[in-house]
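Structure first, then comments.
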């Protein structure tokens, strides 16, 4: 059974590698993941299996409502703390179905406190995020692809 631990700067290369494998049309560099991790290290996590192998990651950062961070932005710095934005949650196929998404959302809710959570649903994932209380709201998600939806979950 996989579990979460705090992400460290050393996990940026793993996140970029797994992200590219799962989302080849939405590539993000190691330096972009490092900048986003630095923006909110308390919110970022890595999932690992019983054998110690990393099998997933969750990168969230402070952001403005309605303005998700751009992809592959190695210079990202939060302008304000209006929401905690779930930038990316990726799980290797071997780690799926173990409740890791629910655990990650619970962790992010604790970190966000009385601020909303936001995300951009890609690759048809909006129905899954709706199960976790996210609803579609207007927002700039165009850089994430034609089917991308900006979503929010209030505290």
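Count of the stretch 122-134 residues, restricted to those that are under 14 Å from residue 105 (Cα atoms) and either surrounded by 13 or more Cβ atoms within 10 Å (Cβ to Cβ) or within 16 Å of the chain's Cα centre (by Cα) (or both), is 6. If I filter the stretch 106-113 for residues that are modelled with pLDDT of 95 or more and crowded, with 19+ Cβ neighbours inside 10 Å, do I get at least one hit? Yes, that holds for at least one residue.
I'm trying to understand the selection: among the residues of the stretch 63-75, which are surrounded by fewer than 21 Cβ atoms within 10 Å (Cβ to Cβ) and under 21 Å from residue 137 (Cβ atoms)?
64, 65, 66, 67, 70, 71
The residues on offer are 78, 138, and the sole one that is surrounded by fewer than 19 Cβ atoms within 10 Å (Cβ to Cβ), in contact with a strand residue (DSSP E or B) (Cβ under 8 Å, 6 or more places away or on another chain), modelled with pLDDT under 90 and farther than 16 Å from residue 60 by Cβ is 138. Checking every residue in the stretch 21-28 against the condition of being touching a residue at least 12 places away in the same chain (Cβ under 8 Å), farther than 20 Å from residue 103 by Cβ, in contact with a helix residue (DSSP H, G or I) (Cβ under 6 Å, 6 or more places away or on another chain) and surrounded by fewer than 13 Cβ atoms within 10 Å (Cβ to Cβ) gives at least one match.
Just one of (1) modelled with pLDDT of 90 or more; (2) buried (at least 16 other Cβ atoms within 10 Å of the Cβ); (3) more than 23 Å from residue 134 (Cα to Cα) fails for residue 87. It is (3).
The values are calculated or read from the model by the stated rules, or taken from the named source; none is laboratory data. Everything numeric here is computed off the predicted structure, so don't read it as measured data. Here the Cβ is made from the backbone with ideal geometry for all residues, glycine too, and neighbour counts use every protein chain on show.
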